[in-house]
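Below: the structure, in structure tokens.
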Amino acid sequence: MNDIPLSAALDAVRAAAEADPAMLNYIRAHLRTTGLFDEQPLREVRACPISFDAIEVALFDNWGSATKPKGSKTQKIKANRFGGKVKVWDEGKRINLNEPDFVAFVNFFDAGEVQALVERLANPRKCRTPLTAAYQELLLDVITPLASANDMLVAPLFSKPVGDGTRYHDQQVMMVPKPGMIAKDVQEALLILETGTVLLPPFSSNDASGSALKDNCFAQSRACLSRQFVDWSTGGIQVKLK
């Protein structure tokens, strides 16, 4: 058998890791156990604050229909039909809508999928920030029964800092009514944070200028608690601290 040059072997491993996030996390976890490298602590990534001046939540339909379309070599189709993006502007600062102070993403799951999701995200080989015991308990014992009883979709919040993978935020979850998502008519959504809960305003199919939303974004919820952007909001917001 011909010997494979080390450089070629490493290139093959790198290509496999880049193509498969689960493989990348497995390689990282295995290398940390070998002792060949000093384990580097994760860079601190702030969680969504409960105190803020403004918040915007956008919802996306990645498929455009109930059936997942086929991807191609040049276009990958996301595994989840519905996703979202959360932007927050800190309390007490002048708001620049182009520069949010916190950004996170969500992928929505049916209540029946949460058990498998928790098992995957609790595995350090598959998740860079494995779910804590408290987070697992929240999702399985509180969120799942609530979502099942009220026909809601569930979405843990995560951020993607440059060069540091996907980072899930401890005990931070969004919930939206499933019928409203399918009908593209979402009247409310719940943001559950470790420090409290936020009942978001109704969602609009228009952006802040009144124009129809573009591409796969079908709804936005916007709220400003200060007087800087009163007309920018889509309705009132309720924030309840723990």
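The values are calculated or read from the model by the stated rules, or taken from the named source; none is laboratory data. Fair warning: this is a prediction, and the values are worked out from it, not measured in the lab. Don't worry about glycine lacking a Cβ; one is built from the backbone with ideal geometry, like all the others, and counts go over all protein chains shown. Side chains are part of the model used for accessible areas, which takes the heavy atoms of the whole protein and leaves out ligands, DNA and RNA. Shrake-Rupley method; radii C 1.70, N 1.55, O 1.52, S 1.80 Å.
Let me check against my output: what whole-number percent is the relative contact order of the chain, with C-alpha pairs under 8 Å and at least 6 apart?
Computed over the chain, the figure is 18 percent.
When the scattering of the stretch 53-162 is computed by the Debye formula from its Cα atoms alone, each counted once and equally, what is log10 I(q)/I(0) at q = 0.11, 0.17 Å⁻¹?
At q = 0.11, 0.17 Å⁻¹ the computed log10 ratios are -0.47, -1.02.
Could you work out the helix-only [θ] at 222 nm for the chain, with each DSSP H run of four or more residues adding -39,500 (n - 2.57) and the total divided by the number of residues, to the nearest 500 deg cm²/dmol?
Estimated from H runs of four or more residues: -6500 deg cm²/dmol.
Could you run the Karplus curve 6.51 cos²θ - 1.76 cosθ + 1.60 with θ = phi - 60° over the stretch 84-91 and give me ³J(HN,Hα) per residue in whole Hz, x for Gly and Pro?
Residue by residue, the stretch 84-91 yields x, 9, 10, 10, 10, 10, 5, 5 Hz.
Can you tell me the alpha carbon radius of gyration of the chain divided by the globular rule-of-thumb value 2.2 N^0.38 Å?
For the chain, the normalised Cα radius of gyration comes out at 1.13.
Between Val230 and Leu146, what is the label-to-label distance in nm when each label sits 7 Å out along the Cα-to-Cβ direction?
Calculated label separation equals 3.2 nm.
Just round it to a whole percent: the fraction of Cα-Cα distances in the stretch 93-210 exceeding 22 Å. Could you put the intermediate results ahead of the total?
On the way: 2713 of 6903 pairs.
Value for the stretch 93-210 (Cα pairs over 22 Å): 39 percent.
State in Å² the accessible area per residue of the stretch 112-167; use a 1.4 Å probe, count heavy atoms of protein chains only, and round to the nearest integer. Intermediate results must be reported in sequence, preceding the final value.
Values: 2720 Å² over 56 residues.
With the other protein chains kept in place, the stretch 112-167 gives 49 Å² per residue.
State the percentage of accessible surface on the chain attributable to carbon and sulfur atoms; use a 1.4 Å probe and exclude ligands, DNA and RNA.
Answer for the chain: carbon and sulfur cover 52 percent of the accessible area.
Which whole-Hz ³J(HN,Hα) couplings does the stretch 108-121 yield from phi under the Karplus relation 6.51 cos²θ - 1.76 cosθ + 1.60, θ = phi - 60°, glycine and proline marked x?
Couplings: 8, 10, 5, 4, x, 9, 5, 4, 5, 4, 4, 4, 6, 6 Hz.
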